[in-house]
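Have a look at the structure below before the remarks.
Since every read-out is calculated from the coordinates, none of them should be taken as a lab result. What you are looking at is a predicted structure, and each value in this text was computed from that prediction instead of being measured. With ideal geometry, Cβ positions are generated from the backbone for all residues, glycine too; neighbour counts draw on all protein chains shown.
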Amino acid sequence: MSHRLWRFHGGLHLPGHKKISMHERVREAAIPSQLVLPLQQHIGHPTEAIVSVGDRVRRGQMIAESKSFVSAPIHATTSGQIIAIENRPVPHPSGLDAPCIILEADGKDEAIEAQAHDYRNMEPAELRHLLRDAGIVGLGGAGFPSFIKLNPGPENKVKTLLLNGAECEPYITCDAMLMQEHPHEIIKGLLIMKHALQAEHCIIAVEDNKRLAHTMLVNALEEHEPHDIEVVQVPTLYPTGGEKQLIKVVTGKEVPASSRPLNVGIVCHNVATAAAVYDALQGQPLISRIVTVTGEALHHPRNLWVRFGTPFRTLLDECGFDKKAEVDLIMGGPLMGFKVADPDVPVIKTSNAILTLKRQVQKPVTLPCIRCAECARVCPVQLLPQQLYWYARAQDFDRVQDYNLFDCIECGACAYVCPSHIPLVNYYRFAKTEIWAQEEEKKKSDLARQRHEFRQYRMERKKKEDEERKRRKKELLKKTSNKTDDKDAKKAAIEAAMARVKARRAEQDQQKKNTDNLTAEQKKKIAEIEARRKEQAKND
Amino acid sequence: MTDHRRGHIHSSPFLHSSNSVSRIMRLVLLALIPGMLAHWYFFGWGLLINLGIAIPTALAGEALMLRLRHRPLTPFLSDYSAILTAVLLAIALPSLAPWWLIFIGTAFAIIIAKQLYGGLGYNPFNPAMVGYAMLLIAFPREMTTWLPAQTHELAFMDNLRYSFLNVLPHGLTLDSISMATPLDTVKTRLGLNMTIHEINSQFQNLFGMLGGRGWEWVNLMFLFGGIGLIFMRVISWHIPVAVIGSLFFCALAFQLADVDTHASPIFHLFSGATMLGAFFIATDPISAATTPRGRLYYGAGIGILTYIIRSWGGYPDGFAFAVLLMNMAVPTIDYYTQPRVFGHRDD
Ligand code: SF4
Ligand code: SF4
């Protein structure tokens, strides 16, 4: 039972605050009268609605489909009527509104007919297709469409399928509760994933502060003989739940920077995703999840099974929220989550926790960096946060990249320990977005320059061609006046002119296509970069 | 892209440890107390008088400059960094130093070496050492007026009178009560072609048990406080270990080469400013190297330079100059000692 473990640099021992939300079993949250379902609840491209206002839908019915690869469809989370498709506040760091389907519940909660499948009779590709249609995304917080991460591609062999049950952020307990109460679903889901990936063996990693979860998984495994699954306890240390950190701890392998775990033969999924995969095979698409509702100013912090689209507000009320309390509302954990201004935003696929934290009356003053290197001591990526900060602040974006800004996983460990209370991660986010913006700008201007050069070139060529034509005409005239072979010459001249026109058209077409291609590629690239980054940044 | 740009307003993390700059500085000050007690025990009231001059000077200088630079007073005056600079200078300056020496040194340290460079966090040189080095160059004579260890010839009032009015009790002259430090003595006598052994016997067991009477205790106590700081994780071990290690090995190598003309490594470690410097001065984070490996090089550089200046330079204790020289090398050291980032190959 002793699995060799490795360690990553730095890390934090944080107060857990986990017990407060683990006193009672997970219970179903009430289905609100109105559900707000954003068209984008995942990393990648938004979905497109396939229902219209007035349509009646049933639970599990697909209401928005994905038109591009990196996307995941959305399903109705109860039965009722679509009453609007419009912009609403959504839980996103930007605080901006986004398009949502508004579903009015009819209270019957009727489901579409569920069709169960046996994965053993399915080809991996078929399985992935099914999981894609079930709208499954990483439930650890990042929300990357899972079917993509279940496709190793022809040239890769998956040695280890790693299931992430570390849940290292304070306060959050949804995965711990799931492991305690539904170990079988997780294990069955894991076996399905293993089949999709044709993985050699599986490891479930659980932080050693979740003893009950560990025991339940180990006990459940005994009923699943024979299997190739190992449950491993990993030390409680933030951010062990980070994908690359966990891989290092469990396998000793370091996923090279800007490359995927697959390149070292590992695929990592979250425990809740595994349970969702199991549900999908039972014919149940992803329509709900466990959400930890916890923090200060709540009388009954607890975990709830929540249908997507349920407003934060109703969940807070269900947990005895003290309305007079001055709190900040946070989606996710206190280290990597983000503030939500509007309590009416809905729970979406990536909402693992709703956290209320007492608003700080007096913000501690930020002092200059004293270069104490505390931040570097705890950085799990072994960056030099103090240098990153220095150059990000000076907007020296070349230097900041020299110091590997883009390897930062925005875990917040550095800012947590900084004695000068510098909001370090803010500076990194700022620098990253500025660099992206500059790159985009540069691409645009490169494109403009290319266009300009091409036009210049075309104009010059046209001038030359005109001259050539004039010369030819003159010659032709001369020839006609000489009355030699005038018919043939005329024909040749016309043909030549036609050919030239044709050539020019083709060229124009070509050019148009080129620019089109470029923009599309650009767009795709940008989306890919973003997706990759987000995927890295959060534990999935 | 705009949403990302706005994203930085919502700032995680929302939790913070209880650490703060003022906590760090306070702990460093606390850790200095055992050494200061030993200092007071062996060298009399001078330290207290020095402190009494240096601390108000530092605070006044800091406040003045903050006002001139339009910076808020409270956060910066309450971070204890100016006080720490003052205390380090007060300890390093001689116990019979005239008041103006302390005043000029501290004012120079705070105003020129710290605030004119941009204040806390921006000074490339260690302010206390800049003040010290400036005094050493400008007032070499006044910088040597130490009492011999544990003689207590001066009562508090006498010491105070001497500091401010330059009057000694009847029948005493400066020469009769002050005495060169052991480091100084060794240096001048070696210059006169005496052997270490001859020096020791001429000065009645000058070396004490380890590194000079009185001084060895002061150093031991600073060592004690410094180890406490490492255990409380206020400073990292890298710099002190590198300073002490390199000084030790330099001294050992030369002693092995020629016992008669080189003091022992133990003497070097336990006399002069070694322990104070290794744990409290060289570890000033602002002017020191910031990478773990860089800190080892930085500390080793200080140790080696200290030995060189002590042995062949123009000053008996070279610690201040060693620190300042290494301060200059910090940007380069930091650049070339970046740790290997996760997922990157060694290069
Ligand atoms: S922890 Fe804060 S003060 Fe210390 S080096 Fe890092 S950024 Fe600077
Ligand atoms: S936020 Fe970035 S720089 Fe800070 S500790 Fe985490 S990975 Fe390192």
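Could you compute the FRET efficiency for B:Asp258 and A:Asp446, with r as their C-beta to C-beta distance and R0 at 60 Å, rounded to 0.05? Write down the numbers at each step before the final one.
Details: r = 69 Å, r/R0 = 1.15.
It comes to 0.30.
Would you order A:Cys202, A:Cys100 from fewest to most other beta-carbon atoms within 10 Å of each residue's own beta-carbon?
On the way: A:Cys202 23, A:Cys100 27.
Going from sparsest to densest Cβ surroundings: A:Cys202, A:Cys100.
Below 8 Å between Cα atoms, with a sequence gap of 6+, how large is the relative contact order for the range A:369-510 in percent? Walk me through the numbers before you get to the answer.
Numbers: 78 pairs, mean separation 23.4, N = 142.
It rounds to 16 percent for the range A:369-510.
For chain B, calculate the relative contact order in percent as a whole number, restricting contacts to Cα pairs under 8 Å that are 6 or more residues apart.
Working: 513 pairs, mean separation 61.4, N = 347.
For chain B, the relative contact order is 18 percent.
Rounded, prolate or oblate: which one fits the range A:201-322, using the alpha carbon gyration tensor with axes a ≥ b ≥ c (rounded when a/c is under 1.5, else prolate when a/b beats b/c, else oblate)? Provide the component values of the computation, followed by the final result.
On the way: a/c = 1.76, a/b = 1.56, b/c = 1.13.
It comes out prolate by the Cα gyration axes.
What Kirkwood hydrodynamic radius, in Å, does the range A:369-510 give when the mean of 1/r is taken over all pairs of distinct Cα atoms and then inverted?
Details: mean 1/r = 0.0485 Å⁻¹.
About 20.6 Å for the range A:369-510.
Using DSSP to define loop residues, name the trypsin sites (Lys or Arg not before Pro) in the range A:336-379 whose beta-carbon has at most 16 other beta-carbon atoms within 10 Å.
Numbers: sites: A:Lys339, A:Lys349, A:Lys358, A:Arg359, A:Arg371, A:Arg377; in loops: A:Lys349, A:Arg359, A:Arg371.
Passing sites in the range A:336-379 are A:Arg359.
Can you tell me the 0 to 90 degree angle between the C-alpha axis of helix B:238-257 and the longest principal axis of chain B, rounded to 10?
Tilt of helix B:238-257: around 40 degrees.
5 Å is the cut-off here: which amide hydrogens, built 1.01 Å from N in the peptide plane, fall below it relative to A:Val327, excluding neighbours closer than 5 in sequence?
Under 5 Å from the amide H of A:Val327 lie the amide H atoms of A:Arg359, each far enough along the sequence or on another chain.
Compute the acute angle (0 to 90°) between the alpha-carbon long axis of helix B:81-92 and the principal axis of greatest extent of the alpha-carbon atoms of chain B; round to the nearest 10°.
The angle comes out near 20 degrees.
Which entries of A:Lys19/A:Lys159; A:Lys149/A:Lys188; A:Lys442/A:Lys464; A:Lys253/A:Lys444 have Cα-Cα distances beyond 29 Å here? Kindly include the intermediate steps, with their values, before the conclusion.
On the way: A:Lys19/A:Lys159 35 Å; A:Lys149/A:Lys188 18 Å; A:Lys442/A:Lys464 33 Å; A:Lys253/A:Lys444 39 Å.
Beyond 29 Å: A:Lys19/A:Lys159; A:Lys442/A:Lys464; A:Lys253/A:Lys444.
Along the principal axes of its C-alpha atoms, what lengths does the range A:62-127 span, in descending order and rounded to whole Å?
Principal-axis extents of the range A:62-127 (Cα, largest first): 44, 33, 19 Å.
I'd like the orientation of helix B:127-138 relative to chain B: the angle between its Cα long axis and the longest Cα principal axis, in ° from 0 to 90, rounded to 10.
Taking Cα atoms only, the helix is inclined about 40 degrees.
Counting Lys and Arg as +1 and Asp and Glu as -1, what is the net charge of the other residues whose Cβ lies under 11 Å from the Cβ of B:Val167? Could you put the intermediate results ahead of the total?
On the way: positive: B:Arg161; negative: B:Asp158.
Summing Lys/Arg as +1 and Asp/Glu as -1 gives 0.
Rule-of-thumb check for the range B:1-101: C-alpha Rg over 2.2 N^0.38 Å? Walk me through the numbers on the way to the answer.
On the way: Rg = 19.6 Å, N = 101, 2.2 N^0.38 = 12.7 Å.
It is 1.54.
Sorted from largest down, give the three principal axis spans of the alpha carbons of the protein assembly as shown, whole angstrom values.
Principal extents (largest minus smallest coordinate, Cα): 123, 99, 53 Å.
Fully extended, how many nm does the chain gain between B:Leu77 and B:Ala63 (0.36 nm per residue separation, minus their Cα-Cα distance)? Don't jump to the answer; show the numbers that get you there.
Details: separation 14, 0.36 × 14 = 5.04 nm, distance 0.71 nm.
The span from B:Leu77 to B:Ala63 would gain 4.3 nm if fully extended.
Over all Cα pairs of chain B, how is the pair count split among 10 Å bins, expressed in % and running from 0 up to the last occupied bin?
5, 23, 33, 23, 10, 4, 2, 0, 0
Using Cα-Cα distances under 8 Å and only pairs 6 or more residues apart, what relative contact order does the range B:18-180 have, in percent? Could the numbers behind the result be given before it?
Working: 211 pairs, mean separation 43.9, N = 163.
Result for the range B:18-180 is 27 percent.
Run the lone-cysteine check on chain A: no other Cys C-beta under 4.7 Å from the residue's C-beta.
Those would be A:Cys100, A:Cys168, A:Cys174, A:Cys202, A:Cys268, A:Cys319, A:Cys369, A:Cys372, A:Cys379, A:Cys408, A:Cys411, A:Cys418, since no other cysteine Cβ in chain A comes under 4.7 Å of theirs.
Lys and Arg at +1, Asp and Glu at -1: add these up for the other residues within a Cβ distance under 11 Å of B:Ala128 and post the number. The partial results should precede the final answer.
Numbers: positive: B:Lys114; negative: B:Asp284.
Charge balance near B:Ala128 sits at 0.
What does the net charge come to around B:Thr106 if you take all other residues with beta carbon closer than 15 Å to its beta carbon, with K and R at +1 and D and E at -1?
Values: positive: B:Lys114; negative: B:Glu62, B:Glu142.
Value of the local net charge: -1.
Can you tell me what the convex hull of the Cα atoms of the range A:290-358 projects to on average, as an area in nm²?
On the way: hull surface 15.6 nm².
Projected over every direction and averaged, the Cα hull of the range A:290-358 covers 3.9 nm².
Only loop residues by DSSP count here, and only those with at most 13 other Cβ atoms within 10 Å; note down the trypsin sites (Lys or Arg not before Pro) in the range B:25-96 that meet that.
Values: sites: B:Arg26, B:Arg67, B:Arg69; in loops: B:Arg69.
Here the trypsin sites (Lys or Arg not before Pro) that fit, given the DSSP loop and packing criteria, are B:Arg69.
To the nearest whole number, what is the average tally of beta carbon atoms from other chains within 10 Å of the beta carbons of peptide A:368-380? Can you show the working numbers first?
Numbers: counts 9, 7, 12, 10, 13, 10, 7, 1, 5, 3, 1, 3, 1.
Partner-chain Cβ atoms within 10 Å, mean over residues of A:368-380: 6.
How big is Rg to Rh over the range B:181-336, alpha-carbon atoms, Rh as the Kirkwood inverse-mean-distance radius?
Values: Rg = 15.5 Å, Rh = 15.7 Å.
Expressed as Rg/Rh, it is 0.99.
Suppose every K and R has +1 on its Cβ and every D and E has -1 on its Cβ; what is the size of the dipole of the protein assembly as shown about the Cα centre, in Debye to the nearest 20?
Roughly 3720 debye, rounded to the nearest 20.
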